[in-house]
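Notes to accompany the following structure.
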Amino acid sequence: MDTIIKAKNLIKNFKSGQAEIRVLKGLDLEIKNGEFVTIIGRSGSGKSTLLYQLSLLDRPTSGEIIFEGLNTQNLADDERTKLRLHELGYVFQDYALVPELTALENVLIPLLMQEMDKKIATEKAIEHLTLVGLGDRINNLPSQLSGGEQQRVSIARAIAHEPKIIFADEPTANLDNETALTIIKIFEELHRQGQTILMVTHEEEYTHFADRTITLFDGVIKEDRKK
């Protein structure tokens, strides 16, 4: 399998008053095309920080992130934004939906931002909402949907433009066990169809659905385990 994303000597520091805290400590990592990788570790181990660096939502203090052979450290902010919009998909624990917009409109936004024809974009949005089991809820506002349904809308939004990789940050954290399992099984099915997924989770039981599990401890990789 080809490498889709690679981190080399990744360091991330955060300022806390006068002090500087090093959260990622020279981390190296490769994700292969088509892999389903989970990242686990104690609170404060650097899981979400790593995800935010790899997904280009933040810039590392030093080191390199290489996406399909492209060194993203050399990209200007507008080039990074374009890469995120066209090639990457995001699912967050708080759903990050626009409350005033319907499920359909929430999924449409990134498609229209790509300047996709509105008719084609609408068809794609409906197709992917149907794929996650919400074909009958497309006109509902987020406030009219359960937490699990809102997360399914966010998954439809993440996959509608057929991204190269999906980054999911604790996507089941706010859900009950049964609903969370439904979300994980959607990821499992997407992976079966060839989707590359990198998911941060605090639930070790969900690692069984992945090809590979990376355990972080104090900003370094403690274990990298394949199925």
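When the range 201-213 is examined, which residues are found to be touching a Phe, Trp or Tyr at 6+ places or on another chain (Cβ under 8 Å) and assigned to a loop (DSSP other than H, G, I, E, B)?
Matches in the range 201-213: 210, 211.
Of all residues in the range 172-200, which are modelled with pLDDT of 95 or more, part of a loop (DSSP other than H, G, I, E, B) and under 13 Å from the mean Cα position of the chain (by Cα)?
Matches in the range 172-200: 195 only.
Hey, can you tell me all the residues within the range 60-72 that are in contact (Cβ under 8 Å) with a residue 12 or more places away in the chain and either under 23 Å from residue 187 (Cβ atoms) or outside any strand (DSSP E or B) (or both)?
60, 61, 65, 67, 68, 72, listed by residue number.
If I filter the range 135-154 for residues that are closer than 22 Å to residue 100 by Cβ, within 13 Å of the chain's Cα centre (by Cα) and not acidic (Asp, Glu), do I get at least one hit?
Within the range 135-154 (the criterion being closer than 22 Å to residue 100 by Cβ, within 13 Å of the chain's Cα centre (by Cα) and not acidic (Asp, Glu)), the answer is yes, since at least one residue qualifies.
For the range 1-36, name all the residues that are hydroxyl-bearing (Ser, Thr, Tyr) and either under 20 Å from the mean Cα position of the chain (by Cα) or surrounded by 12 or more Cβ atoms within 10 Å (Cβ to Cβ) (or both).
Passing the criteria: only 3.
Hey, residue 174 hits all of (1) touching a Gly at 6+ places or on another chain (Cβ under 9 Å); (2) closer than 30 Å to residue 9 by Cα; (3) surrounded by fewer than 19 Cβ atoms within 10 Å (Cβ to Cβ); (4) touching a residue at least 40 places away in the same chain (Cβ under 8 Å) but one; which does it fall short on?
The number of the failed condition is (2).
The values are calculated or read from the model by the stated rules, or taken from the named source; none is laboratory data. It should be emphasised that the depicted structure is a prediction, and the values quoted were computed from it without experimental measurement. All Cβ positions, even for glycine, are placed from backbone atoms using ideal geometry, and neighbour counts span all protein chains on display.
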